[in-house]
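Q: Please see the structure below; I have some questions.
The values are calculated or read from the model by the stated rules, or taken from the named source; none is laboratory data. Not measured: the values here are computed from a predicted model. Neighbour counts run over all protein chains shown; Cβ positions are idealised from the backbone, glycine included.
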Amino acid sequence: MTDPLDQLKKALDTTTPAPDKDMKAANIRLAQKNFDQIQGSAQHARPTSENRSNLARLLTGVSGMIDALTSRGGIVATTAIVAVGLIIVTPQGRSLFTPPVNFTDQEEPIGSLPSQPKPDLSQENLPEREDVGKLAKSSDAPSRRDLRKQEAPMMEEPMIMAEEVAESDDVFVSGAIAPAPMSLDSNLSRNRQHIVAPSEPASIRSETNTETFANAPSNPLKITVEDPVSTFSIDVDTAAYAVVRSSLNAGTLPPAQAVRVEEMINYFPYDYVAPDAGVTPFRPTVTILDTPWNADTQLVHIALQGQMPALDTRPPLNIVFLIDTSGSMQDANKLPLLKQSFRLMLGQLRPEDKVAIVTYAGSAGQVLEPTPASERSTILAALEHLEAGGSTAGQQGLQQAYSVAENMADDGDVTRVILATDGDFNVGISAPGALKEFIAQKRDSGTYLSVLGFGRGNLDDTTMQALAQNGNGQAAYIDTLNEAQKVLVDQLSGALFPIANDVKIQVEFNPATIAEYRLIGYETRTLNREDFNNDKVDAGEIGAGHSVTAIYEITPVGSDAVLNDPLRYQTEKSVATSADELGFLRLRYKSPGASISQLIQTPIFTDMAPISTDAQFSVAMAGFGQLLRGSNYVADWSWGEAIALATQARGADDFGYRAEAINLMRLAQSLSVE
Amino acid sequence: MRVIHNVMRMETSDETLAKAAADGDRNAFGVLLDRRYDGLFRLAYRLTGSKAEAEDLTQDICAALPTKLASFRGQALFSTWLYRVAVNAAHDRRRRAASRAKAADGWGSWEINRRADNDDAEEKADWLNSAMSALNDDLRDTLALLLGDELTHADAANVLGVSEGTISWRVSEAKKHLRTLALQENGQ
C-alpha cells in the first residue's frame, strides 16, 4: 500500500488554488496601510528601542503565564484534580497526547496575583471593532465573543480575565486598523500591542467549536491485590444524556468526550427499594449480575434510593433565576424554550415560595423583585419581557443573584440560584479559581446553585459541571420542552431539596475472590482514598426521591477474563476474609446543614438482592454509554444486543423515557454503521 | 545606491527583514510580505479546505500582521513565527464560525455538503475532502503544516507548541485514519 500521506499530499497539491493576484495586491495594501497607521500612532511611543523590548519581554512573560490559564483547565481543576492521576495511568496512553494542562499548578498564579492589573486588551481595540462592523464583510460581523471582550474593561473588580487574555492572543480583525485613540497614553498603548501579539505559541486548543465537555479517559482496570480500594463521589447530573440525545437527533454521533456514562445511567428514574422512613435518607441495594458484554465477568450494581419526604411539609423555597440574555440566546431553543420551561415550573411552586429574576449580558440587572409565587401574572409578565440582545450590562450578574437570594432567605427556607445559559458564563467573575471559590463559599452559607444549559454550538459543559458541582446543584441540559417537564416539573423536588449532601462511595474489593475490577463511568468524580473520611472534601448530593446507580465490572479470581498475569517477584498476599465476600461497601453522607458525615457500611456477598428490571435497564444504559465512548471493554458487544437488553428491561416506563432511550440506541446503531 | 539597496533587500533573510519591519521599516515589511504571501495563502488553503475561506483567513492575517509583528524578536525563524500566527488565526476563525452556529465552508462542512450533493464530477476533491474531514483539527493542522514540504517535524512542533514526539504521533494517527478510510472505501 502506498503511503497514505503521499496520496493526500498529491491530492492537496493539485487542488490548492494559486493565490489570486488582485487579492494578493489588495491584502498587501491593507497590511501596509495598517503598518503605517501603527507606526503613526506609536511614533512617540518608543524613546529607545531598548526600553521597549525590556518592557515587552516583561509583559509577554505575564501574558504567557496567563495564557496557560485557560478557563477550561482552570475550572476542571475545581472538580477533577484527582483526575490527573487517572490521566497518567490510563492503559491506552491516549491521554499522554492530550494538551498538557497542569491542573494543580494553575490555581497558584490566580491566587498569588489578585491585584495584578489586568492587561487591558479590548480598550484599545474598541475603535477597531466598530470599524470592523462597517468595513468587514457581513459574515464578519462581530461575534458574541468579540462583544464579550468589550465588556472586559468595564469590570469593576481587579480580576485577571484569564479567558479573555488567553483568547485574545489570536484576535484577528478583518479590515483596516484604525489609529489608536490619541487620548490614550501612547506609550501604554504600544505596550498593550505586545500583549496582543503572540510571541509564544498560544496554548493549543483541541476544540473545534466553542463547545467544551468535561470528561476524563475511562477508568482503567484495577488489579485487586495492588489497589483494592475504589473511592468516588456520586453524580446525579443528567446533562450528558440530554447532550447525547440532541446530537443523535441531529443525525451525528456525540463526541466521545460528551458521554459521561454515569449520567447516561442516572438520567432515568429507577424504583429501587426506598429506605424506611426516618432511618437514613437513602438506602443502598447491591445486586450481582452477569456482564452482558463479557461472559467471564460480573457486575456489582450499587443502587442508592433517596427517600421522598412528605412534600406537604416542605420548607418554603426561594428561587433566583439568573438568566443569560445575550444575543445568542434568541434562538428558538434557547430563551423562548427557557420561558416556556419556567412557566411549567411555576405551576409546581406554592404560594409561600418566592421567585426573583436577574439577567446578565443583555437587559440589565434585576428584572423581577422577589415575588410570591402566588402572583403568577407578575412573574409571567416579567418572563415575557425578557429579550435577548444587546451586549454589555449586568456585569455583576452572579453576585447580584446571590445577594438577592440572601435577602430573600428566612430561617428554614431552601434558597437556590438557577443559572440558565447557552454557554456564556460572563457572569461577572472570570477567573476560574475565584468563581469556584465564590460559589463554594455561598454554598457553605446555604445558597445552592443549579445550572440549566440551553442550545448547542456554544455549550460550555465543562463550566456547567464545575459550577453545579461547587454549588451543590445539578447541571441539566434542556433541549426540548419534554426535558423541561422532566427536570423542572416531574423531578423538581429532587432538584431543589437535597436530602443528603457530600455522598461518597468507597468499595474495598476482596482479592481472594476478585482478581480485577473497574468502575464504569464517574471518571470526573473520582476521589482519593483518604478523601472518603475527610468531611472537608466536597462530593455529590442526593435530592428528594433521587436514585443513583454505580456499576463495577469485576473479574473473579480464576476467570478466563483476567487480563493481567500474576507478578513473578511478588508473593501472593495472604487474605484472611471469608471467601464468599466480594468486597465491602462504605457510604458517607451528611444530613443537610450538618458538617459531620455519617457512615453506612455493608459487606458485598456473592448472593445479594434479586435482579430487578431497573438494574438491568441501568446496565443496558451503561453499555450504551460505553459503546458511544468506543470503550474497548465492550468491543465484543453489538448495538443489537444492547437494544435487546434495554427493550427487555423497559418495564412500566410511565413517561416513555426508556422508550426514547431505545430509539436513541437504534439511531446510534444506524449512525455508527455509516 | 538605491538600486543596490533594493537588490540587497531581495537577499536579506526573512529574520532581518522582520526585525527591521518591527522597528518601523515600511519597505522591509512590504518585501517580506510579498515574499511570504504565496506560501501563507497555500497554508491557509490547507488549513481551511476552501478557496474562499483561505482568502478570508489570509486577509485576516495580513490585516493583523503589522500589530503582531511588533512581537517578533527573532528568537524563531520568521516562517515558523508566521505559521504560528496563521494557525492561531485559523483557530480563531473556526471558533467564530462555530459561535455563529453556522457551518463554515471548508473541511468542516463537507459532511453536510456531501449529503446534499452527490455529484461524481469532483471525485478527486471529494476523496481529499473525505480524507481531511475524517481527521480532527489537531491532526489536520499538523498535516497542513507538514504537507507544504517546508517544515520538518521539529518545525511543526515549534509552530504548534507541542513536542516533536506529539507531531510524530499525530502523523501516525493520521495515517491510521487514512488507512481505515481506504479500507472502508475498498470494502464498499
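Q: Which of the residues that make up the range A:4-19 are more than 7 Å from chain B (Cβ to nearest Cβ) and of a type outside the set (S, T, N, Q)?
A: Once the filter is applied, which keeps residues that are more than 7 Å from chain B (Cβ to nearest Cβ) and of a type outside the set (S, T, N, Q), the range A:4-19 yields A:6, A:10, A:13, A:18.
Q: Which one is farthest from the other protein chains (Cβ to nearest Cβ) among residues in the range B:25-37 that are under 16 Å from residue B:63 (Cα atoms) and of a type outside the set (A, V, I, L, M)?
A: B:36
Residues are listed down the side, and each one gets a yes or a no for (1) surrounded by fewer than 21 Cβ atoms within 10 Å (Cβ to Cβ); (2) within 22 Å of the chain's Cα centre (by Cα):
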position: A:212; (1), (2): no, yes
position: A:215; (1), (2): no, yes
position: A:239; (1), (2): no, yes
position: A:244; (1), (2): no, yes
position: A:255; (1), (2): yes, yes
position: A:266; (1), (2): no, yes
position: A:271; (1), (2): yes, no
position: A:274; (1), (2): yes, no
position: A:292; (1), (2): yes, no
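Q: Still on this model: With a cut-off of at least 3 residues that are at pLDDT 85 or above and either of a type in the set (Ser, Thr, Tyr) or under 21 Å from the mean Cα position of the chain (by Cα) (or both), name the strands (runs of 3 or more DSSP E) lying wholly within the range A:323-438.
A: A:414-421
Q: I've got another one for you. If we scan the range B:95-110, do we find a residue that is acidic (Asp, Glu), at pLDDT below 85 and either touching a helix residue (DSSP H, G or I) at 6+ places or on another chain (Cβ under 7 Å) or surrounded by fewer than 21 Cβ atoms within 10 Å (Cβ to Cβ) (or both)?
A: Yes; the residues of the range B:95-110 include at least one that is acidic (Asp, Glu), at pLDDT below 85 and either touching a helix residue (DSSP H, G or I) at 6+ places or on another chain (Cβ under 7 Å) or surrounded by fewer than 21 Cβ atoms within 10 Å (Cβ to Cβ) (or both).
Q: Right, here's the next one. Among the residues of the range B:159-169, write down those that are more than 8 Å from every other protein chain (Cβ to nearest Cβ) and buried (at least 16 other Cβ atoms within 10 Å of the Cβ).
A: Matches in the range B:159-169: B:167 only.
Q: Could you list all residues from the range B:47-61 that are surrounded by fewer than 24 Cβ atoms within 10 Å (Cβ to Cβ) and more than 8 Å from chain A (Cβ to nearest Cβ)?
A: Once the filter is applied, which keeps residues that are surrounded by fewer than 24 Cβ atoms within 10 Å (Cβ to Cβ) and more than 8 Å from chain A (Cβ to nearest Cβ), the range B:47-61 yields B:50, B:52, B:53.
Q: Tally up the residues in the range B:65-93 that are part of a helix (DSSP H, G or I) and at the interface with chain A (Cβ under 8 Å from one of its Cβ atoms), please.
A: Within the range B:65-93, residues that are part of a helix (DSSP H, G or I) and at the interface with chain A (Cβ under 8 Å from one of its Cβ atoms) number 12.
Q: Determine which member of the set A:529, A:456, A:525 is on the phi < 0 side of the Ramachandran plot and within 14 Å of another protein chain (Cβ to nearest Cβ).
A: A:456
Q: Output the residue which, of all residues in the range B:134-147 that are crowded, with 20+ Cβ neighbours inside 10 Å and part of a loop (DSSP other than H, G, I, E, B), is nearest to the other protein chains (Cβ to nearest Cβ).
A: Checking each candidate, the answer is B:147.
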